[in-house]
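First, the structure itself, so that you have it in front of you.
Read the figures in this text as sums done on the coordinates, not as results from a lab. Bear in mind that the values here come from a model prediction, so they are computed numbers and not experimental data. Glycine also receives a Cβ, built like all others from the backbone with ideal geometry; neighbour counts cover every protein chain displayed.
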Amino acid sequence: MSSRLFYPSLGGSETNAEILAREFTHLGHEVKVTTQTLGINIAVDGSEFPFEVIRKPSLLTLLALVQWCDIYFHNGIILKDFWPLLIIRRPWIIRHQSWIRCVDGTTTTGIGGNSSGWLVRLKHFFVRFSISISISQAIADHLQHPSTVISNPYRDDLFRIMPGISRTKELVFLGRLVSEKGVELLLEALVELKKCGLKPQLTVVGNGSEYLKLRQKTTTLELNKQVTYVGAKVGKELVQILNEHKIMVVPSLYDEPFGVVALEGIACGCVVVGSEGGGLKDAIGSCGVTFPNGDVNALTQVLTDLLTNPDKLSIYRKNAESHLSRHKKAVVAQAYLQVFERAIS
């Protein structure tokens, strides 16, 4: 497995690479991971990885690993790691976890992008020689190449409903504090809710470059008594925080490729309200409500409805078990292995 980012770097890509590597190993396969992320080979819980991690491999090391493997699996297309396949024939499988940027510097479905046009065209060209797996239907539709859709897994051994935790808080946001994640939009919705006499408490979990700006805006909008910033949280502490809340809000301004955070919230008993663009709606499924990206009025209306009709929350929670069953780690890993087996045969 080639994954440009890996633990101790934190993010959805890194998390899913680790989950899949662990599950493949658990199912009896030998896995070796290469990454450009430096660090020691110790997991977040202090244990050693049950697979080998090679950090910043040399050219000869990478060539030897491709010679050794049965499947060359890219966690996202990494062109500079493609070259050994010009020498050694191996099935090349790419897990497409994000948009390939368009020629004009934007994505086909979202905002932002810094890939140059020639590089994008080159990626689309090389993808034709791979076997593609997309993490959502939106990503599959974006590719100019046939793709199997396999949704992301979540850590079902960690994220769960904890007995004895009182679910007394209304809203929680979990994610990076950057502009495209839409926390400012959520703050504006709180102002609109206050005009209607609703003053729900919001817990913001995460860190990022917009932290100070968001704190200032919270003060400017006179929301300090409603909004609490708790920083980044992981492990059981994060699970407990999610269990204390009724509604998770994922107000991304751009089109999320998927949105594992929604699965984590659902597993902890939250009803999810999220933007409808991209693959986030796949992650939410029938366990929450979506609204048009960036539409503060629509977000306000959805939150008003759920806050004033709490019985609706239990209806969405009833759908959680069946929805989450498709995203269990073992289920997702088996779906990947089926693609691998077909590639080999």
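Mind checking which aspartates and glutamates have their C-alpha under 13 Å from K213, skipping anything on the same chain fewer than 8 residues away?
E184
For Q201, which sequence-distant residues (separation of 5 or more, or a different chain) have an amide H within less than 5 Å of its own amide H, given hydrogens modelled in the peptide plane?
Answer set, sorted by chain and number: E170, L171.
Shape call for segment 244-313 from the C-alpha gyration tensor, a ≥ b ≥ c root eigenvalues: rounded (a/c under 1.5), prolate (a/b greater than b/c) or oblate?
Oblate, because a/c is 1.5 or more while a/b does not exceed b/c.
Give the span of segment 169-325's Cα atoms along each principal axis, as three whole-Å numbers ordered largest to smallest.
That works out to 42, 33, 28 Å along the principal axes.
Further question on the same structure: Taking 0.36 nm per intervening residue step and subtracting the Cα-Cα distance, what contour gain separates S9 from L158 on full extension?
Roughly 51.7 nm would be gained on extension.
What share of the DSSP beta bridges in the chain is antiparallel, in percent to the nearest 5?
5 percent
Using helices alone, I'd like the mean residue ellipticity at 222 nm for the chain: each DSSP H run of four-plus residues gives -39500 (n - 2.57), total over residue count, nearest 500.
-11000 deg cm²/dmol
Report, in whole Å, the centroid distance computed from the Cα atoms of segment 280-339 and segment 17-91.
A separation of 32 Å, based on Cα centres.
Another question about this same structure. Which value, in nm² and rounded to one decimal, describes the direction-averaged projected area of the C-alpha convex hull of the chain?
Taking a quarter of the hull surface, the average projection is 17.7 nm².
Modelled label-to-label distance, K56 and S314, 7 Å Cα→beta-carbon offset: nm?
Between K56 and S314, the label points sit 5.7 nm apart.
Which residue fluctuates the most in the chain, going by a Gaussian network model with Cα springs under 10 Å, if the choices are K312, K195, K123?
Largest GNM mean-square fluctuation: K195.
Something else about it: Most mobile of R95, R128, R160 per a Gaussian network model of the chain (Cα springs, under 10 Å)?
Result: R128 has the largest fluctuation of those listed.
Relative to the present Cα-Cα distance, how much length would full extension add between L86 and S47 at 0.36 nm per residue of separation?
Working: separation 39, 0.36 × 39 = 14.04 nm, distance 3.67 nm.
Fully extending the segment from L86 to S47 adds 10.4 nm.
Now a separate question. Of the peptides 143-149, 53-59, 40-46, how do they stack up when ordered by the mean number of other Cβ atoms within 10 Å, highest first?
143-149, 53-59, 40-46
Given R₀ = 41 Å, what would the calculated FRET efficiency be for S209 paired with S345, taking r from the Cβ atoms and rounding to 0.05?
0.30
Please list, ordered by chain and number, the residues whose modelled amide H lies under 5 Å from the amide H of S275; skip anything fewer than 5 residues away on the same chain.
Correct list: V250, S252, F291.
Note the full-extension length gain between I165 and V178 as 0.36 nm times their separation in residues minus their Cα-Cα distance, in nm to one decimal. Working shown, then result.
On the way: separation 13, 0.36 × 13 = 4.68 nm, distance 3.00 nm.
Value of the extension gain: 1.7 nm.
Which of S286, I19, A333 sits farthest toward the positive end of the charge dipole of the chain, with +1 on the Cβ of Lys and Arg and -1 on the Cβ of Asp and Glu?
I19
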